[in-house]
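Heads up, the thing below is written out as structure tokens.
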Amino acid sequence: MERWRTRRADRTLRLLGLVLLVVAGAALYWLYALHVPPQSAGLLAYGLGAVAYIGASSGAASVILGRHLFDEVTISPRWGRRTHTD
């Protein structure tokens with residue numbers, strides 16, 4: 001994972017995040033333009049909603065964190081993997 005530690009990778013991840021945010025915005029625009037009546041959403045509306053949610057979530061994470069997206073996080077042993085000793 002050392003290739004993610006360069007400035008170029010950081011800029012690329014942040015640029016990719018911006019692209020994903022633009023895609024999420026476009027999906028939200030088209031979802032709003034559909035004018036779906038309440039309780040009658042079809043597959044297209046659900047698909048656009050999913051694209052908007054996933055694009056916005058991953059895009060925001062990439063823009064904010066950049067190359068630190070792949071940093072290891074130390075957790076408490078309580079939440080780690082348990083080995084059963086039977």
- Query: Volume per residue, Å³, of the convex hull around the alpha-carbon atoms of the chain?
  - Reply: 179 Å³
- Note to self: with every protein chain in place and a 1.4 Å probe, the chain gives an accessible area per residue in Å² of 87 Å²
- Message: As I understand it, the value is the acute angle between the Cα axis of helix 43-65 and the longest principal axis of the Cα atoms of the chain; what does it come to in degrees, rounded to 10?
- Response: 40 degrees
- Task: Please give the calculated 222 nm ellipticity per residue for the chain, where each DSSP H segment of at least 4 residues contributes -39500 (n - 2.57) and the sum is spread over every residue; nearest 500 deg cm²/dmol?
- Result: -21000 deg cm²/dmol
- Query: Among 6, 83, what's the order by accessible area (1.4 angstrom probe), most exposed first?
  - Reply: 83, 6
- Mean Cβ-within-10 Å packing, highest first, puts peptides 54-65, 71-82 in the order 54-65, 71-82
- Quick one: angle between helix 7-34 and the longest Cα principal axis of the chain, in degrees between 0 and 90, rounded to 10, please. 30 degrees
- Ignoring any ligand, DNA or RNA, what whole percent of the accessible area of the chain comes from carbon and sulfur when the probe is 1.4 angstrom? 64 percent
- Item | Sequence-distant residues sharing a close amide H with residue 36 (under 5 Å, placed H) | none
- Can you list the residues, at least 5 places off or on another chain, whose amide H is less than 5 Å from the amide H of residue 41, using H built in the peptide plane? none
- Under the Karplus relation 6.51 cos²θ - 1.76 cosθ + 1.60, θ = phi - 60°, what is the ordered set of whole-Hz ³J(HN,Hα) values for the stretch 66-72, x standing for Gly and Pro? x, 6, 7, 4, 9, 5, 7
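The values are calculated or read from the model by the stated rules, or taken from the named source; none is laboratory data. Not measured: the values here are computed from a predicted model. Cβ sites come from the backbone with ideal geometry, for glycine too, and all protein chains shown count toward neighbours. All accessible areas refer to the heavy atoms of the entire protein, side chains included, with ligands and DNA or RNA removed. Shrake-Rupley method; radii C 1.70, N 1.55, O 1.52, S 1.80 Å.
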